[in-house]
Amino acid sequence: MGRIFKQELSEEHLDRLFSDDEKCLEFLAESKWKEGFSCRKCGNANYCSGKTPFARRCTKCKTEESAAAGTIFHNCKFPLHKAFYIAYTVCRGKEDISTYEFARRLSIRQMTCWNFKAKIRHALDEMDSLSENERESILNILEK
Ligand SMILES: [Zn+2]
């Protein structure tokens, strides 16, 4: 379970991540493309900015990739900073917080918390059975 959010992040950094969706996207983008950008479709390394914050758009084939694409935060139906809070807490495993408690702290539905928590647990459990690409995509964003 240790691989996600491997590094201890500073309190200050966490406060920012847990309150601001754009900071979360920035975090995802920096982690995902830390080795540089490579278009998923054509492999081109040149990009311009996309429509959503920190998304990148290939200059050759125009395919746009959001910062959250390919991560467990993709298609997240509730605010990203809340998802980050759950992911971080679950992955660090320091506190065992119930979905009921998450729901109370974050003012979101318990079912939403339950679903997302299950998704993280599943990602962590299945890490070994994922394809290399899938694993990379999870590790890239969460290892930082
Ligand atoms: Zn491309």
Taking amide H positions as placed in the peptide plane 1.01 Å from N, state which residues far from residue 47 in sequence (5 or more) or on other chains have amide H under 5 Å from it. 59
The answer for the per residue Cα convex hull volume of segment 26-134, in Å³, is 114
Scalar couplings 3J(HN,Hα) for segment 27-41 by Karplus 6.51 cos²θ - 1.76 cosθ + 1.60 (θ = phi - 60°), nearest whole Hz, x for Gly and Pro, are 4, 5, 5, 4, 6, 5, 10, 5, 8, x, 7, 9, 4, 5, 8
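Which of 23/117; 51/82; 32/117; 62/82 have a Cα-Cα distance over 25 Å?
Working: 23/117 21 Å; 51/82 22 Å; 32/117 22 Å; 62/82 31 Å.
Those over the limit are 62/82.
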Under a point spin-label approximation (7 Å from Cα along Cα-to-Cβ), what is the residue 22-residue 121 distance to one decimal in nm? 3.6
Measuring from label point to label point, each 7 Å out along Cα→Cβ, what is the residue 109 to residue 34 span in nm? 3.6
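Which loop trypsin sites (Lys or Arg not before Pro) in segment 83-116, with loop taken from DSSP, have no more than 13 other Cβ atoms within 10 angstrom of their Cβ? Please list the in-between numbers first.
Details: sites: 92, 94, 104, 105, 109; in loops: 94, 109.
Sites meeting the loop and neighbour criteria: 94, 109.
All of the numbers you see were taken from the coordinates with simple rules; none came from a lab. Just so we're clear, the structure is a prediction, and the values are computed from it rather than from any experiment. Every residue, glycine as well, gets a Cβ built from its backbone with ideal geometry; the counts of neighbours run over all protein chains shown.
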